[in-house]
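Read through the structure below, which is laid out as structure tokens, and then see the notes.
Every number in this text was worked out from the coordinates using simple rules, so none of it is lab data. Only a predicted model underlies this, so the values are computations on that prediction, with no experimental measurement involved. Quick reminder, even Gly has a Cβ in these numbers, built from the backbone with ideal geometry, and neighbours come from all protein chains shown.
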Amino acid sequence: MSWSLRRMTRYVAQCKYLEQLKQNDDLCSQAYRKGSYLMFSNGKPLLHFGDKSAGLTIKFTNFIDAQTHCGEDLACRSVLLGIDEETDDIPMFASPVTSGIESEIETGTKFADLRTATLGLPSYDASLVARGYSLLTWLETMKFCPSCATKLSRNVAGTMLSCGTCSKANHHYPVIHPVAITRVEDPTGKKVLLVRQPKHPAGMYTCIAGFIESGC
């Protein structure tokens, strides 16, 4: 579906604002209070399970509720996902919850495994979940400079880490892991070779996919 001129203009404005949030820590700090939050528990996003017609949706929450579930240091632990498509300047963040809140979430919502989320959500929402999971995991594992072992500091958006000890400007960004997926057909094009893993839900089959090694 083609976008209207108004939608394209909004998209450009959103991209510019998103880049400003990544580069300007003061601006991003101010934006936290008006943001919408996607909460994660042990790598699982909080989703709303509606009826069959509604399907899965992301359960976003406001700053006050997110702070209640994720802690007073919310801004130090959250990561910037993007700008709400339906607004000009409402940022979306992903935040890890404190332990033991699963019993406090609303009826009809639950922390779902990543596969359920990415396969059951609309493509745009699935990309937000994947981005949130990737950034939160990266910040949890990338804590020290690989060159000098100094503890790294993050920008407010959670999209960049910096080392204050190395002689040159030493910034670190999330590593992108290239993957490949292929569909194998028979000569008639009517049959497709699918595979499954033991961890897949019953009845689930996929195309052949995997990570790409360096130099391939």
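Things to note:
- Neighbour cut-off at most 12 other Cβ (10 Å), DSSP loop, chymotrypsin sites (Phe, Trp or Tyr not before Pro), region 1-66: 3
- Inter-label distance, nm, simple model (7 Å from Cα along the C-beta direction), residue 134/residue 181: 1.3
- Burial order of peptide ranges 147-159, 197-209 (average beta-carbon count within 10 Å, highest first): 147-159, 197-209
- Taking label positions 7 Å along the Cα-Cβ direction at both residue 205 and residue 13, the computed distance is 4.9 nm, reported to one decimal.
- Take the Cα of residue 27, step 7 Å toward its Cβ, do the same at residue 143, and the gap between the two points is 3.2 nm.
- Region 1-52: trypsin sites (Lys or Arg not before Pro) in DSSP coil with no more than 10 other Cβ atoms inside 10 Å: 52
- Lysine pair count for the chain with Cα-Cα distance under 22 Å and sequence separation of 8 or more or different chains is 17.
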